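Undergrad: First the structure, then my questions, so here it is.
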Amino acid sequence: MKDLPVSSIEDVERALQQHRYVADRSLATTIFLALTLDKPLLLEGEAGVGKTEVGKVLAEILNARLIRLQCYEGIDVNNAVYEWAYAKQMLHIRLLESAGANREETEREIYSPQFLVKRPLLQAIESDGGTAPVLLIDEIDRADDEFEAFLLELLSDFQISIPEIGTIKADKPPAVIITSNRTREIHDALKRRCLYFWIDYPSIDREYEIITARVPDVPKKLARQVSAFIGGVRHLDLYKLPGIAETLDWTRSLIALGEVELNEAAVQATLGSIVKNWLHFGRILRGIGFDAGPVRMLPFLTALTVIDLARADDLRTAVHAHFGRRRDEMPILDRALAAFLGIHAPGGDAAASSQTAVRERGTAITVTGRQLKVLDEGEGAEGAEELEVASYSQVEVLRQKDFDTLTEAEMAEVRRLIRLMRLPAGLTRSRRARAGGRDRLDIRRLLRRSLRFGGELLVFSWKSPTLRPRPLVLLCDISGSMERYTRLLLNFAYALKNASTRVETFVFATRLTRITRLLRSHDIDAALNRVTASVDDWSGGTRIGEAIETFNRRYARRVLSRGATVALISDGWDRGDAAQMRQAIARLQRSCHRLIWMNPLMGAPGYEPLTLGLKAALPFVDDFLPAHNLANLEALGALLLETANRRPVRRQTLVVASAS
């Protein structure tokens, strides 16, 4: 990009500082390289760390127009690039017909640029000859893979092809900033066209600088205390850590309330006794599936300081405003609030409310404490009789034979059969539509076709939602107690990964390791050797709760955001804390479409899940299935196909399939 107002990395640092954006030298260096080389800049990081602000500040530095494209699931060319103004085209057709224009002249007129509605991407390409604009493509991870593929032409050659007009190429390429919250992996082809930078949460000192820069009237002592407090919160095991945006909002709230420091008196006057009790209310909401992390709790706690807590309607409205997202959630929030106030409220109404709370808590304990009998003797006998049918082929016998009883030759044959396995991926509806079907009228295509008949609606066009495979996350136990099954499970993971691109694979014993990329190979032996060399805790102890907790903290928001199904394969032997297991598995269930636990020990006659870890986890498992033979692994595919579009009814109970 020529004629830049910045000519060095130091100039970029000073310009960012002048526009109240506090950045370290590495970010300034990356921005300078992106401007100098005319390369798009991909910024990844957690929500609220200042990625979008980079695009806004850069537009101010360059004195250029900011064009922002907010991505979402189902975004397409009509929303992002261009579309034709069909109503104006039809009116123009009528005018041309009344003037006696011929067909060729009519077609040439109606597909002229005056009828072209330019969306953000086309606006960024067609600069007016002045300063090239700044194109901000925000939250690209929310868009579909198809939209990423369309961006490849734009980011490579800065041109857009329109069939009716031709190819439009940018005279001056825009400065492109792409942001991602890593709710899913961005395709490598898109990353190769960009410079990459990861924006992490700031240190306490850096956050202090950000607060004083963005909120100039904040007392320095208050800024230091707020940054230290938020820095401590980020070390907690929370689903969503507070970002810089939440820090600035909280600081402005404290200033609005007249606070100059976070001393004990100020905290007591604002958040003291309220925080002690209302943080427990946040835990209650998180326990029933609401997003009540610090991002929502901090504004809610601040709101409680400015409303009259004696007015039940105001309090209920505050709860709805901060935690409600759909109309059908409001009665659930009301019941949670009534139960919470019954525990803490003084006076006469407390007794009745607390009885309700006790009944509700008692119901929850009764429901979650139900024990399961996994295998009935009669069903086991029927299964044994079926296995004695002499007409089964050798392959069919292997399908039903317990992995624990296989010889080495049979084990090798089973591994070969697993590699050939192609489990059907369950399909789910996408927001993106396709032509055909009879679901809804396709207004765009309907109007476009009508242009052939002088604007008359003679041929109707229909559209229906596209179907895409539902993502699958596989968590495999490779501890010492699972050593007999480990090689088979890795073969199973390899078969799943190579059959679908929407499979994420993890293994764990005492720690969690992501092996998705390691399994991308046409040579299964090479792939499994890479996995073996990369995993340090092979055949070690088992800490299932700790591994799932790590998954929730580091990977869940990225790999579960598209409604993924989670399949956990483990025997349930755990050396960790049962309470940690219960909390981690409950959070995992709330985050995924369906949670399936497959246990190879269910093939043993009379088996019951009696370990403390399994007892703690089972109430939060949607399906508890056997995994002791080849037929059980194949049954997983049938279950995924059957339940792809049906979310389980979660009452903290589960239906257990009998071992066969």
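Undergrad: Estimate the FRET efficiency between LEU641 and ARG434 by the formula 1/(1 + (r/R0)^6), using the beta-carbon distance for r and 25 Å for R0, to the nearest 0.05.
TA: Working: r = 21 Å, r/R0 = 0.83.
In this case the efficiency is close to 0.75.
Undergrad: Sticking with this structure for a sec: Rounded, prolate or oblate: which fits the range 55-95, taking a ≥ b ≥ c as square roots of the Cα gyration tensor eigenvalues, rounded meaning a/c under 1.5, else prolate when a/b beats b/c?
TA: Details: a/c = 6.68, a/b = 1.99, b/c = 3.35.
Since a/c reaches 1.5 but b/c is at least a/b, the shape of the range 55-95 is classed as oblate.
Undergrad: Same structure again: Quick one, can you get me the convex hull of the C-alpha atoms of the range 429-468 expressed as volume per residue in Å³? Intermediate results must be reported in sequence, preceding the final value.
TA: Values: hull volume 2.3 nm³, N = 40.
Hull volume normalised by residue count: 56 Å³.
Undergrad: Taking H as built 1.01 Å from N, whose amide H comes closer than 5 Å to the amide H of LEU42, not counting residues under 5 places away?
TA: ILE178, LEU195, TYR196, PHE197
Undergrad: Which semi-axes, in whole Å and largest first, does the equivalent ellipsoid of the range 527-647 have when worked out from the alpha carbon gyration tensor as the square roots of 5 times its eigenvalues? Walk me through the intermediate numbers first.
TA: Numbers: eigenvalues 80, 75, 63 Å².
Square roots of five times the eigenvalues give 20, 19, 18 Å.
Undergrad: Further, regarding this structure: Multiplying the sequence separation of ILE162 and ARG25 by 0.36 nm and subtracting their Cα-Cα distance, what value in nm do you get?
TA: Stretched out fully, the ILE162 to ARG25 stretch lengthens by 45.2 nm.
Undergrad: Tell me, what HN-Hα J-couplings in whole Hz come from the Karplus equation 6.51 cos²θ - 1.76 cosθ + 1.60 at θ = phi - 60° for each residue of the range 528-545, using x for Gly and Pro?
TA: In residue order, the calculated couplings are 5, 5, 5, 5, 4, 6, 8, 8, 8, 9, 5, 6, x, x, 10, 10, 5, x Hz.
Undergrad: Under 5 Å between amide hydrogens, which residues at least 5 positions from LEU625 or on another chain qualify, with H placed 1.01 Å from N in the peptide plane?
TA: Long-range HN contacts for LEU625: TRP597, MET598, ASN599.
Undergrad: Students often check this: by mean Cβ neighbours within 10 Å, which of 488-496, 54-62, 164-172 ranks highest, and how do the rest follow? Could you put the intermediate results ahead of the total?
TA: Values: 488-496: 23.6, 54-62: 21.2, 164-172: 13.4.
Ranked by mean Cβ neighbours within 10 Å, highest first: 488-496, 54-62, 164-172.
Undergrad: Please work out how much length the chain gains when fully extended from GLN70 to ARG448, using 0.36 nm per residue of separation minus the C-alpha to C-alpha distance, in nm with one decimal. Kindly include the intermediate steps, with their values, before the conclusion.
TA: Details: separation 378, 0.36 × 378 = 136.08 nm, distance 2.64 nm.
Gain on extension, GLN70 to ARG448, equals 133.4 nm.
Undergrad: Which ³J(HN,Hα) values, rounded to whole Hz and listed in residue order, are derived for the range 49-64 from phi using the Karplus coefficients 6.51, -1.76 and 1.60 in 6.51 cos²θ - 1.76 cosθ + 1.60 with θ = phi - 60°, glycine and proline given as x?
TA: Values, residue by residue: 9, x, 6, 4, 4, 4, x, 5, 5, 4, 5, 5, 4, 7, 6, 10 Hz.
Undergrad: Would you grab the residues whose amide H sits under 5 Å from the one on GLU83? Only those 5+ places off in sequence or on another chain, please, with H modelled 1.01 Å from N.
TA: It is VAL117, ARG119, by chain and number.
Undergrad: Among the trypsin sites (Lys or Arg not before Pro) within the range 79-121, which fall in a DSSP loop and have no more than 10 other Cβ atoms within 10 Å of their own Cβ?
TA: On the way: sites: LYS88, ARG94, ARG103, ARG108, LYS118; in loops: none.
Of the trypsin sites (Lys or Arg not before Pro), not one in the loops of the range 79-121 has a Cβ with at most 10 other Cβ atoms within 10 Å.
Undergrad: Here's another thing I want to ask about it. Within 10 Å of each residue's Cβ, count the other Cβ atoms and sort ASP439, ASP622 from fewest upward.
TA: On the way: ASP439 11, ASP622 22.
Lowest count first: ASP439, ASP622.
Undergrad: Computed FRET efficiency, Cβ-Cβ of THR405 and GLU185, R0 45 Å: what is it to the nearest 0.05?
TA: Numbers: r = 40 Å, r/R0 = 0.89.
Efficiency computed from Cβ-Cβ geometry: 0.70.
Undergrad: Could you list ARG487, ARG25 in order of exposure, starting from the residue whose Cβ has the fewest other Cβ atoms within 10 Å?
TA: On the way: ARG487 15, ARG25 11.
Going from sparsest to densest Cβ surroundings: ARG25, ARG487.
Undergrad: Return the sequence-ordered ³J(HN,Hα) values of the range 65-72 in whole Hz as given by the Karplus equation 6.51 cos²θ - 1.76 cosθ + 1.60 applied to θ = phi - 60°, using x for Gly and Pro.
TA: Rounded to whole hertz, the list is 6, 9, 10, 10, 10, 8, 7, 7.
Undergrad: Moving on to the next point. Please report the spacing between the Cα centers of the range 56-70 and the range 531-584 in Å, no decimals.
TA: Taking the Cα centre of the range 531-584 as reference, the centre of the range 56-70 is 42 Å away.
Undergrad: Still on this structure, please answer the following. Taking neighbour Cβ counts within 10 Å as the exposure measure, how do VAL503, VAL233 sort from fewest upward?
TA: Going from least to most buried by this count: VAL233, VAL503.
Undergrad: Quick one: if the Förster radius is 45 Å, what FRET efficiency do LYS221 and GLU153 give, using the C-beta to C-beta distance and rounding to 0.05? Present the calculation step by step, with values, prior to reporting the outcome.
TA: Working: r = 53 Å, r/R0 = 1.19.
Efficiency computed from Cβ-Cβ geometry: 0.25.
Every read-out reported here was derived from the displayed coordinates using simple, explicitly stated rules and does not represent laboratory data. Everything quoted here is computed from the prediction, not taken from an experiment. Heads up, the Cβs are rebuilt from the backbone with ideal geometry, glycines too, and the neighbour counts pull from every protein chain shown.
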